[in-house]
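See structure below.
The values are calculated or read from the model by the stated rules, or taken from the named source; none is laboratory data. Since we're looking at a predicted model, the values are computed, not measured. We place every Cβ from the backbone using ideal geometry, glycine too, and count neighbours over all the protein chains shown. In case anyone asks, the SASA skips ligands and DNA or RNA and just uses the protein heavy atoms, side chains included. Shrake-Rupley method; radii C 1.70, N 1.55, O 1.52, S 1.80 Å.
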Amino acid sequence: MATQVAPELLIVMGAGATPAQTEHVVARLAEVGVSARVSRGREATVIGAIGERDLLASLPLEAYPGVEQVLLIVKPYKLVSRELAADPTVIDVNGRLLGDSHFGLIAGPCTVEYREQTLETARVVAAAGVTMLRGGAYKPRTSPYTFQGLGAAGLEILAEARAETGLPLVTELLDPRDVEAVVDTADVIQIGARNMQNFILLSEAGRSAKPVLLKRGPSASLEELLMAAEYVMKEGNERVILCERGIKTFETTMRYTLDLGAVPVLKQETHLPVIVDPSHAAGRRDLVLPLARAAVAAGADGIIVEVHPRPEEALCDGPQQIPADEFAEFAREVVSVVTLMGKTVG
Ligand code: PEP
Ligand code: MN
């Protein structure tokens, strides 16, 4: 893999440091194979050291005469880092591509409620040209008194929908005890926002052979999201899709605040594909299309949206689900922006 070089260490020499002391530091760096650039300012001399991260981190430069401060510019994430891959990652899910110029259009019900509801939705989204079907069999609910999902029976319904439509399935893994069942059925394992830092679950998903769709926690920083992805990749699973789905702010008009800036920032920091979930961010269907369009324009590699044949009867997230009979038009609108961005669906 090509490694891009960038200054990793800044060594600030004290005001009274002599040129010889600076040269001594530079010479020591050269001895261990680290190249350095000296910048002599009016106030201070700063040495930028470029080299292998672990080696830089291990040098006791603070102890050198004349050195005032050593700033390590090392990002805590490694495998997800853009510097570690020459090209953006493209994920192939049963022949549907996601990443770089390939846009992923993922849609389906919030929750598998019953067979006909899921099959009906699957047919509609398939006919509208989506690349994957979403649907939760195991649901993370805020209230323990609401519908918790059909579990294994829901996975069977999803498998039937895949058999009929040919669409790969994205479904959530909520509990390490369900790994086998979910990994067997899913084509993409979703790790939900609430579990973004469930490190045991992340490692389990990392040991599976299925791609992982990792949703950002509502109160998680982008660095925390990237570190969560690092957990998956560390186990050997290189197929991780990051998903921005809204964060908690003081704003109350929407369910969450969609952090659109996360899209270009993540794409600068990582080679992994970045998608957006406008449904959970908005919490209301009138905002799903404008947020979806904005996400595509911000450079997202895909979107994941909720669709229901009769949202007013939905057992979960009714207000944000797009009525199935409006989905074809929704998809057309989104695809027109995808085309503008020079990408193709799938
Ligand atoms: C979901 O996609 O079904 C879901 C529960 O989303 P999130 O984890 O982002 O809340
Ligand atoms: Mn939902």
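Computed values, structure above
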| item | result |
| --- | --- |
| Lys, Arg +1 and Asp, Glu -1 on Cβ, resulting dipole of the chain about Cα centre, debye, nearest 20 | 480 debye |
| Relative contact order, percent, segment 188-346 [alpha-carbon distance under 8 Å, six or more residues apart] | 15 percent |
| Theoretical ellipticity at 222 nm over the chain - DSSP helices of four or more residues, -39500 (n - 2.57) apiece, nearest 500 | -9500 deg cm²/dmol |
| Dmax and Rg, reported as Rg then Dmax, of segment 249-346 (C-alpha, Å) | 13.8, 41 |
| Positive dipole terminus of the chain, leading residue within THR22, LEU9, MET196 (C-beta point charges) | THR22 |
| Simple label model, 7 Å out from Cα along Cβ direction - TYR145 to GLN268, nm | 4.7 nm |
| Listed residues LEU79, ALA324, ALA107: farthest to the positive end of the dipole of the chain (Cβ charges) | LEU79 |
| Candidate aspartates and glutamates for bridging to LYS267, where Cα separation is under 13 Å - those fewer than 8 sequence places away on the same chain excluded | GLU83, ASP87, ASP100, GLU223, GLU244, ASP301 |
| Sequence-distant residues sharing a close amide H with LEU174 (under 5 Å, placed H) | none |
| Sorted peptide list for 75-84, 234-243, criterion being average Cβ within 10 angstrom, highest first | 234-243, 75-84 |
| Contact order normalised by residue count of segment 121-273, Cα under 8 Å, 6+ apart, percent | 15 percent |
| Sorted peptide list for 325-333, 91-99, criterion being average Cβ within 10 angstrom, highest first | 91-99, 325-333 |
| Most fluctuating residue given options ASP317, ASP187, ASP87, as computed from a GNM of the chain linking Cα atoms under 10 Å | ASP87 |
| Acute angle (nearest 10 degrees) that the helix 288-297 long axis makes with the longest principal axis of the chain, alpha-carbon atoms | 40 degrees |
| Relative contact order (%) - criterion: Cα under 8 Å, at least six apart; region: the chain | 16 percent |
| On Cα atoms only, tilt of 222-234 relative to the major axis of the chain in degrees | 80 degrees |
| For segment 91-345, share of DSSP beta bridges that run antiparallel, in % to the nearest 5 | 15 percent |
| Probe 1.4 Å, protein heavy atoms only - accessible area per residue of the chain in square angstrom | 44 Å² |
| Three-way shape call for segment 91-345 based on the alpha-carbon gyration tensor, with the a/c threshold at 1.5 | rounded |
| Debye log10 I(q)/I(0) at q = 0.22, 0.29 Å⁻¹ for segment 305-346, Cα point scatterers | -0.70, -0.90 |
| Long pairs among LYS210/LYS343; LYS75/LYS248; LYS78/LYS139, criterion Cα-Cα beyond 28 Å | LYS78/LYS139 |
| Separation of the ARG37 and THR18 label points, Cα + 7 Å toward Cβ, nm | 2.8 nm |
| Per residue Cα convex hull volume in Å³ - calculated over segment 7-72 | 67 Å³ |
